[in-house]
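Visitor: What follows is a single structure, and I will ask about it in a moment.
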Amino acid sequence: MPAVLVQAITSLRGGGSAAVVGVPPFGTTAPIDVADVVNNSKRIFGVVEGRSNPPTFLPDLAALVATGRLPVVKLVTTFALGEVEGAADMMRNGTATKPVLLPGEDA
């Protein structure tokens, strides 16, 4: 993640913005060229849940699922908790969009 963040910031043009959406472990740092950020007016900001407002976003999301406009079934692949490595492999190779681990399920 730090290398990707540095690459994102480096690739910004003057005045550009980078949204950080991944969450690495606490304490993870990245070597940022502060002079480049300041002199080129670059912006970096974190985004949690798309900066949504859960009281309105979640009902809207549920409505999209209920009407079939958000095909969750096509996006989610479930795995038993013991299949965590297989789930990660499928996510990495693109055969599972959103792997979901199910505790209590047998592998």
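Visitor: Please work out how much length the chain gains when fully extended from residue 65 to residue 90, using 0.36 nm per residue of separation minus the C-alpha to C-alpha distance, in nm with one decimal.
Guide: 6.6 nm
Visitor: Using the Karplus curve 6.51 cos²θ - 1.76 cosθ + 1.60 with θ = phi - 60°, work out ³J(HN,Hα) for each residue of the range 54-66 in order, rounded to whole Hz, and write x for Gly and Pro.
Guide: Those phi angles translate into x, x, 9, 5, 5, x, 5, 5, 4, 5, 4, 5, 4 Hz.
Visitor: Expected output is a single nm value to one decimal: the length gained when fully extending between residue 100 and residue 33, i.e. 0.36 nm times separation in residues minus the C-alpha distance. What is it?
Guide: So the extension gain works out to 20.4 nm.
Visitor: State the percent of C-alpha pairs, over all pairs in the chain, separated by a distance greater than 24 angstrom.
Guide: 51 percent
Visitor: When the Cα centres of the range 30-107 and the range 1-21 are compared, how far apart do they sit, in Å?
Guide: Centre-to-centre distance over Cα atoms comes out at 19 Å.
Visitor: Something else now. Can you tell me which of 47-57, 93-103, 3-13 comes out highest on packing, and rank the rest after it, using the mean Cβ neighbours within 10 Å? Let's see the in-between values first.
Guide: On the way: 47-57: 10.0, 93-103: 11.5, 3-13: 13.6.
The packing order, highest mean first, is 3-13, 93-103, 47-57.
Visitor: Averaged over every viewing direction, what's the projected area of the C-alpha convex hull for the range 2-51? Give it in nm², one decimal, please.
Guide: With the hull built on Cα positions only, its mean projection is 3.6 nm².
Values in this text are rule-based calculations from the coordinates and carry no lab data. All values derive from a computational prediction rather than experimental measurement. Neighbour counts are summed over all protein chains in view; Cβ atoms, including those assigned to glycine, are modelled from backbone coordinates with ideal geometry.
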